[in-house]
1. Step through the residues of the range 189-196 one at a time and calculate ³J(HN,Hα) from phi using the Karplus curve (6.51 cos²θ - 1.76 cosθ + 1.60, θ = phi - 60°), rounding each to whole Hz and writing x for Gly and Pro.
2. Taking amide H positions as placed 1.01 Å from N in the peptide plane, with prolines and chain starts having none, which residues 5 or more places from Gly103, or on another chain, fall under 5 Å of its amide H?
3. Kirkwood hydrodynamic radius (Cα pairs, Å) of the range 109-212?
4. Could you pull out every residue, at least 5 positions away or on a different chain, whose amide H is within less than 5 Å of the one on Ala72? Hs are placed 1.01 Å off N in the peptide plane, and Pro or chain starts have none.
5. Between Arg112 and Arg211, how many nm apart are label points set 7 Å from Cα along the C-beta direction?
6. Pull up all non-local amide H partners of Gly130: gap of 5 or more, or a different chain, and H-to-H distance under 5 Å with H placed in the peptide plane.
7. Work out how much length Thr92 to Ala156 would gain on full extension: take 0.36 nm times their residue separation and subtract the Cα-Cα distance, in nm to one decimal.
8. Counting only DSSP beta bridges with both residues in the range 80-239, tell me the antiparallel percent, nearest 5.
Amino acid sequence: MLRRRLPHLGIALAALLVAGTATSPASALCTVPSIATATASGALPRTTARLKARQPVRILAIGSSTTAGVGAGGAGFAHRLGPMVKARWPDTTVEVVVSGVSGETASGAAGRLRAELAQHQPILVVWQLGTNDANFGVSAEAFRATITAGLAAIRAANADALLVDPQYSRWAEGRPRTGEFAALIASEGARAGVPVVRRYQAMFQLAQSNRPAFDGLIAFDGLHLSAAGHDCMAQQVAGTIVRNARR
């Protein structure tokens with residue numbers, strides 16, 4: 001089941017194929033599975049327990065235009081996530097609440113997070129963040145504090161957290177702040193024991209090794225994901241959830 005909040009435009013990124021995740025024709029572009037993995041540290045204990053017990057799982061996907069589905073006609077990675085997870089547990093209800101806001105920074109998402117948690121009571125929050133913060137000049141200190149506060153709110157709501165770091169796009173080339181913010185998210189995720197989907201690293205390596213494949217994941221504007229990019233990103237996030245639940 002998919003519960004969709006009003007989609008808005010924003011900043012987006014892409015990810016690559018995770019081995020063992022449900023595939024689609026678009027996944028042919030996801031050519032570097034060896035680096036398309038989440039951080040080794042981190043766990044999703046509540047989500048794992050519910051999936052193993054075949055109990056309903058509600059996921060809140062929060063972020064900017066990647067989450068809203070820009071570049072895929074509103075059917076972005078978050079809208080594809082539920083069926084991919086459910087494919088591994090077909091007798092389990094998997095519901096995704098999609099909450100993406102155009103141009104939103106991490107502090108914007110953190111500011112509405114408590115209300116979203118109280119309203120939807122998810123077992124897992126997939127938080128896509130960092131691209132707009134890097135582009136809009138948010139300080140590293142403020143960004144780190146926002147991550148800490150957001151993760152604390154998620155923990156207080158008895159939910160798991162999964163972070164998704166910034167995109168590497170044609171816009172990000174020559175802009176080192178995006179990579180710096182990706183590294184900051186990785187360090188904060190490791191400190192908090194939260195998995196981080198490392199799409200920046202994966203896309204950067206793909207851009208260096210297979211430019212046509214990389215270009216196929218990015219929309220015509222050079223910034224947002226194409227439909228294929230959203231599909232690859234959904235596979236990576238779903239794969240992270242599946243691998244955690246199989247431990």
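The values are calculated or read from the model by the stated rules, or taken from the named source; none is laboratory data. Every value quoted in this text rests on a predicted model; they were computed, and no experiment measured them. So basically every Cβ, Gly included, is an ideal-geometry build from the backbone, and we count neighbours across all protein chains shown. What goes into the accessible areas is simple: the full protein's heavy atoms, side chains included, and nothing from ligands, DNA or RNA. Shrake-Rupley method; radii C 1.70, N 1.55, O 1.52, S 1.80 Å.
1. x, 4, 5, 8, x, 10, x, 10
2. Residues meeting the amide H criterion: Gly10, Ile11, Ser65.
3. Values: mean 1/r = 0.0699 Å⁻¹.
Over the range 109-212, the inverse of the mean reciprocal pair distance is 14.3 Å.
4. Close amide H contacts, sequence-distant or interchain: none at all.
5. Placing both labels 7 Å along Cα→Cβ, they lie 3.9 nm apart.
6. Ala106
7. Values: separation 64, 0.36 × 64 = 23.04 nm, distance 2.53 nm.
Going from the current span to full extension adds 20.5 nm.
8. Working: 1 of 8 bridges.
Around 10 percent antiparallel, to the nearest 5.
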